[in-house]
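These notes are about the structure you will find just below.
Just so you know, all these numbers are worked out from the coordinates, no wet-lab data involved. Keep in mind the model is a prediction, meaning the values are calculated, not measured. Note that each Cβ is placed from the backbone with ideal geometry, even for glycine, and that neighbours are counted across all protein chains shown.
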Amino acid sequence: MRKLIDKLSNAHTLTAEEYRSLLLCEDAVTNSYLQEKAQQTTITRFGRNVFIRGLIEISNRCRNNCLYCGIRKSNTMVSRYALSRETILACCREGYALGFRTFVLQGGEDLSQTDDWVEETVRSIRREFPDCAITLSLGEKTKEAYQRFFDVGANRYLLRHETFNETHYRVLHPSEMSRNHRLQCLEWLKEIGYQTGTGIMVGSPGQTIDHLVEDLLFIERFRPEMIGIGPFIPHADTPFANEPAGSIDMTLKLLSIFRLMHPSALIPSTTALASLSPDGREQGILAGANVVMPNLSPSSVREKYSLYNNKAAFGSEAAEGLKELEKQLERIGYTISYLRGDYNYV
Ligand code: SAM
């Protein structure tokens with residue numbers, strides 16, 4: 001098994017069967033060797049620096065009905081909100097003063113935030129913050145819309161494919177959504193020139209080891225600049241309310257594998273990891289992640305952007321908790337980098 005890890009570390013690729021056996025391996029010594037290799041690779045590439053991104057959750061309205069998601073259209077228990085452009089700009093100003101140089105606008109597919117509105121919002125942020133990166137995570141749009149957002153200043157786009165396997169995709173999504181369309185969107189984003197992020201939830205209902213192998217092979221081929229993976233966590237008001245949460249260990253293992261597969265990738269230690277375990281974020285960093293995304297949304301709406309139960313949004317998960325985050329990272333020997341942290345940038 002060590003040979004496989006060395007091979008992945010040197011050649012950045014494995015066969016499906018090799019990935020499968022690595023995922024199935026439960027030997028603690030082997031798994032800590034994998035983690036050490038991933039950690040070393042991250043440090044060699046980025047030093048002991050962790051990039052920060054200010055996350056602004058711009059709307060919890062969504063036209064989609066993904067079965068796992070707390071803000072799905074059919075969830076009538078959610079109190080819905082959408083931020084105005086002025087509020088988003090105020091969040092950016094607050095973030096800029098704290099030292100953030102990347103703003104991530106994430107939201108449900110809110111039909112009231114039209115393409116024109118998003119374009120104008122990106123334009124306004126770009127005008128006021130010429131030195132910052134703008135990341136969008138607003139779901140599936142037309143190619144023309146992605147192009148318009150890019151042309152006025154958006155640099156990066158996060159769109160998890162969620163699962164590469166078509167049958168599994170149908171377990172997680174209603175019939176009007178399609179895996180092929182999701183993948184098409186990812187292709188468009190790359191073609192246009194975005195630094196593109198994709199990824200999965202680990203332990204989503206119905207997920208098998210073979211599905212994970214398909215995800216690994218897809219991400220190996222697609223070469224995203226950013227890779228977002230976090231455990232699935234159930235939300236009480238969704239059809240998956242009684243499903244178990246994904247495994248932290250499997251999430252960390254995948255994180256390490258992705259680091260060895262794509263050494264330069266920007267890989268966040270996700271909020272979902274931090275929500276499942278008090279030291280989840282630090283564990284993610286030690287397994288090879290190099291990005292954290294503290295919450296810059298107005299605190300009045302944070303609880304409403306409830307994708308899953310007990311989602312962390314305060315303390316060191318919050319932008320105003322940067323000092324606390326700094327201390328947590330210091331304890332494991334890392335520091336916050338206040339650089340923009342573009343792909344390939346050290
Ligand atoms: N609408 C955009 C999209 O579809 O990409 C962005 C918002 S969506 C809520 C962001 C991500 O949240 C999804 O890609 C999904 O992986 C994650 N997510 C949603 N529900 C989750 C859950 N119950 N547990 C863990 N992650 C979840």
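The chain: percent of C-alpha pairs farther apart than 28 Å?
Numbers: 22492 of 59685 pairs.
Considering the chain, 38 percent of its Cα-Cα pairs are separated by more than 28 Å.
Post the alpha-carbon centroid distance, segment 96-116 to segment 192-244, in whole angstrom.
Distance between centres, Cα-based: 22 Å.
Work out the count of Lys pairs in the chain where the Cα-Cα distance is under 21 Å, with the pair 8 or more places apart or on different chains.
Summing the qualifying lysine pairs gives 11.
What shape does segment 5-99 have by the C-alpha gyration tensor, where a ≥ b ≥ c are the square roots of the eigenvalues, rounded means a/c under 1.5, and otherwise prolate means a/b greater than b/c and oblate the rest? Let's see the in-between values first.
Details: a/c = 3.68, a/b = 1.66, b/c = 2.22.
Here segment 5-99 falls in the oblate category.
Tell me the mean residue ellipticity at 222 nm calculated for the chain from its helices only (DSSP H runs of n ≥ 4, each -39500 (n - 2.57), averaged over every residue, nearest 500). Display every interim value, and only then the final one.
On the way: 14 runs with 151 residues, N = 346.
After summing the helix terms and dividing by residue count, I get -13000 deg cm²/dmol.
What spacing in nm lies between the two simple spin-label points modelled at Met177 and Ser264, each 7 Å away from Cα in the Cβ direction?
Each label point is offset 7 Å from its Cα along the Cβ direction, giving 3.2 nm.
In whole Å, what is the distance between the alpha-carbon centres of segment 126-152 and segment 246-263?
Their Cα centres are 29 Å away from one another.
Quick check on segment 150-300: take the gyration tensor over C-alpha atoms, sort the square-rooted eigenvalues as a ≥ b ≥ c, and tell me if it's rounded (a/c under 1.5), prolate or oblate.
Working: a/c = 1.28, a/b = 1.07, b/c = 1.19.
It comes out rounded by the Cα gyration axes.
By DSSP, what percent of the beta bridges with both residues in segment 1-156 are antiparallel, rounded to the nearest 5?
Details: 1 of 12 bridges.
Around 10 percent of the beta bridges assigned by DSSP in segment 1-156 are antiparallel ones.
Note down the relative contact order for the chain as a percent, whole number, built from C-alpha pairs under 8 angstrom at least six residues apart.
Values: 635 pairs, mean separation 84.2, N = 346.
Relative contact order for the chain comes out at 24 percent.
Among the GluC sites (Glu not before Pro) in segment 1-54, which ones are in a DSSP loop with at most 11 other Cβ atoms within 10 Å of the Cβ? Mind listing them?
Working: sites: Glu17, Glu18, Glu26, Glu36; in loops: Glu26.
Here the sparse-neighbourhood loop sites are Glu26.
Would you kindly state the longest site-free stretch of the chain, with sites defined as chymotrypsin sites (Phe, Trp or Tyr not before Pro) in a DSSP loop (not H, G, I, E, B) surrounded by at most 14 other Cβ atoms within 10 Å?
Values: sites that count: Phe314, Tyr338, Tyr345.
Answer from the scan: 1-313.
Compute the Cα gyration tensor for segment 44-137, then decide on rounded, prolate or oblate, letting a ≥ b ≥ c be the square roots of its eigenvalues: rounded whenever a/c is under 1.5, prolate when a/b is larger than b/c in the other cases, and oblate in all that remain. List each step's numbers first, then the result.
Numbers: a/c = 2.35, a/b = 1.47, b/c = 1.59.
Because a/c hits 1.5 or more and a/b fails to exceed b/c, segment 44-137 counts as oblate.
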